[in-house]
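J.: Mind having a look at this structure? Questions to follow.
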Amino acid sequence: MSISEIRIAVSKALLRGDAWPPSLPEFVALGDEYEIDFDEAFDRMIRQKTKGDIEYWANQEVGFSCRRQLNDRDARAKHRKALLKYREKDKQGKLPPRNLVRLADKSQERQLKDLKRPTPSQFKQGSIFSRVAELGRRA
């Protein structure tokens, strides 16, 4: 444990008012610098206002389903699990940077001239689709 983690653990133990001294595993858990207030993080996820990279990546993974598809209890559990996952990745230094464009992504892009465009003959004569295909053929 670093000195800052020890200070955090001591201040938390004193503020909690539990029996002093705490056991060693409790003390180590108290010194965790990556403590997350899960309720506040969930509220920020609902408002789409992330705070830090851990919340950003957790929201990218489960934010949509938590906001739109799940009930409150299941959404909170899923969001908490994602936050813990990305907290561990951050501790290990494996958290990816935001908005990272990889070389593999660039290599898979096709040129505009190589795209297959529909022809007007594929659609009913005079339909909007045939007119749009005609415009695309001119470009």
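J.: Just tell me which lysines come within less than 28 Å, Cα to Cα, of K81; anything on the same chain fewer than 8 places away is out.
T.: K12, K49, K51, K89, K91, K94
J.: So if we plug the beta-carbon distance of K113 and F64 into 1/(1 + (r/R0)^6) with R0 = 41 Å, what FRET efficiency do we get, rounded to 0.05?
T.: The computed FRET efficiency comes out at 0.75.
J.: Another question, then. Considering every Cα-Cα pair within segment 36-98, what fraction, in whole percent, is farther apart than 18 Å?
T.: Above the 18 Å cut-off, segment 36-98 has 25 percent of its Cα pairs.
Read-outs: derived from the displayed coordinates by stated rules, not from any lab. From a predicted model like this one, the values you see are computed outputs, not experimental measurements. Don't worry about glycine lacking a Cβ; one is built from the backbone with ideal geometry, like all the others, and counts go over all protein chains shown.
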